[in-house]
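The values are calculated or read from the model by the stated rules, or taken from the named source; none is laboratory data. Quantities reported herein were computed from a predicted structural model and do not represent experimental measurements. Because the Cβ atoms are built from the backbone with ideal geometry, glycine has one as well, and the counts that use them run over all protein chains shown. Side chains included, ligands, DNA and RNA excluded: accessible areas come from the protein's heavy atoms. Shrake-Rupley method; radii C 1.70, N 1.55, O 1.52, S 1.80 Å.
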Amino acid sequence: MRAARVVLKDGAFHVLTGMLGLIHSYRPNVPDQALDTAVLALLDTAASELASTLSLAIEHVRATLPVTSLHLLDHEFTRWSGTEGWHLINANDPCGT
């Protein structure tokens, strides 16, 4: 399980540092569609890399899981890896309240 958490944390760090790197290419407080496009491309690449790496981590964990947990993990990973596009999950509550 630790390996799977490390994969997720590394993926999140990769996305965050990539987004921070993009900031220097665009002016602050000026909406720019190119920035949106660059962020989406970064997310797509990171998700693809994460799916491959996470798949390997999951293979290591499978033998240690009870059957019900294994089925849940398989279902959720299949659902996640089959998702296309990006949706804001907190669009109605930007402050997290």
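Add -39500 (n - 2.57) for each DSSP H run of 4 or more in the chain, then divide by its residues: what number comes out at 222 nm, to the nearest 500 deg cm²/dmol?
-24000 deg cm²/dmol
Of the residues HIS75, HIS60, HIS87, which exhibits the maximal mean-square fluctuation in a Gaussian network model of the chain defined by a 10 Å Cα contact cut-off?
Highest fluctuation among the options: HIS87.
What are the GluC sites (Glu not before Pro) within region 1-85 that DSSP puts in a loop, where the Cβ has at most 13 other Cβ atoms within 10 Å?
GLU84
Taking 0.36 nm per residue of separation and subtracting the Cα-Cα distance, what length does fully extending ARG79 through HIS24 add?
That works out to 16.3 nm of additional length.
With a cut-off of 8 Å between alpha carbons and a minimum separation of six or more residues, what is the relative contact order of the chain in percent?
The normalised contact order for the chain reaches 34 percent.
Find the accessible area per residue for the chain; the probe is 1.4 Å, ligands and nucleic acids are left out, and the unit is Å².
The answer is 80 Å² per residue.
Considering only protein heavy atoms and a probe of 1.4 Å, how much of the accessible area of the chain is carbon and sulfur, as a whole percent?
63
Under a Cβ-only charge scheme (Lys and Arg +1, Asp and Glu -1), can you give me the dipole magnitude of the chain about the Cα centre, in debye to the nearest 20?
320
On the full set of protein chains, 1.4 Å probe, figure out the accessible area of SER55 and give it in Å² to the nearest 10.
Counting only protein heavy atoms, SER55 exposes about 40 Å² to solvent.
Mean Kyte-Doolittle of at least 0.0 plus a Cα span of 15 Å or more along the axis: flag which DSSP H helices in the chain meet both, please.
Those that pass (Cα extent of 15 Å or more, hydropathy at least 0.0) are 2-23, 33-62.
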